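What follows is a single structure, written as C-alpha cells, with notes after it.
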C-alpha cells in the first residue's frame, strides 16, 4: 500500500476530533437502539402463541403440520454497517462545503459510532463504478482506516452509476446488514435496485443537497457546467421565469426521489451543504429509535 500523505493524515485527525463529540451527541449510547433488531438471525420455528405477530407465521410449516407455527429470531450480538458513499462529479458541488465532504463526515460519524459499540463497519466507494471496497471490521483502528480511505479516495470518473453500486452491495452482503447510502441520488434507474437491497437489509438513504440546486440565485447570465458530463450552458439566472422552471424541476425530482424511498420501504434523511447536519441526524435517528421500540 502506498504511503499516506501527511495532509491526508491531518484531515483524518481533524475529522476524528470533530466527530468524537458528535458521536456522543447524536447517539449518546443509543446507537443500537437506532438500529435495534436489524441484525437478526434465525433461531427456530415454534408453535404459534397468543400475541405473536401474525407476520412471523411460517405458512409452509403451518400447512404441513395443520396448526400455526411462527419463525423466531434472536438479535445478533454484533451488527454490520456498510456505508455506500457516492463520490461522483455531482457530489463535488456545494457551498460552504461540497456534498462529497458532507458525505465523508457523516460516514465518519457513523463508522466511529459503530466502533464504539464493537460493531463491524465497511465501506463501498463508487462513481461510475465501484472502485473501492473496505471489508467490514471492528474497532477504532478500523474505523480510522475507513475514514482515511474516504478522505484519500479520488474516483477515476466523474459520472454516476448508483444502480451498479446497489447491485454490487446486494451481491456482496451475505448476511443481513445495515446499509447507509450517502448520495445526491441524481442518477437514473436506481429505484428497483434499492428495493431489492432493502428486501434483505435495513437500508437508510441519506440524500445530500445544496440549496442552489433548488433555488438558483439571481446572478444574471451564468455559464453552468454539468459536473459529470462537462457540458456547459449559458443561463439567464436574472429571469424570474427561468428560476421558477428550474425550481419546479428540482422539486419534482425531490418528490419522485422521496416516493421511491417510500416504495422501497427505506428510511431517509435529507442533509444540506449549508446547514448543520447534527441536529437533523439527531432528530431523524431519535424518531427511528422511538419507532423501533413500539
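Structural remarks
- Test: residue in region 207-218 that is surrounded by 20 or more Cβ atoms within 10 Å (Cβ to Cβ), in contact (Cβ under 8 Å) with a residue 40 or more places away in the chain and under 11 Å from the mean Cα position of the chain (by Cα): yes
- For region 255-278, filtering for residues that are more than 18 Å from residue 195 (Cα to Cα) and at pLDDT 90 or above leaves 8.
- Odd one out for residue 49, checked against (1) more than 29 Å from residue 154 (Cα to Cα); (2) at pLDDT 75 or above; (3) surrounded by 21 or more Cβ atoms within 10 Å (Cβ to Cβ): (3)
- Checked against the criterion of being crowded, with 23+ Cβ neighbours inside 10 Å and assigned to a strand (DSSP E or B), the candidates 110, 81 yield just one match: 81.
The values are calculated or read from the model by the stated rules, or taken from the named source; none is laboratory data. A quick note: this is a predicted structure, and the numbers were derived from the prediction, not measured. Quick reminder, even Gly has a Cβ in these numbers, built from the backbone with ideal geometry, and neighbours come from all protein chains shown.
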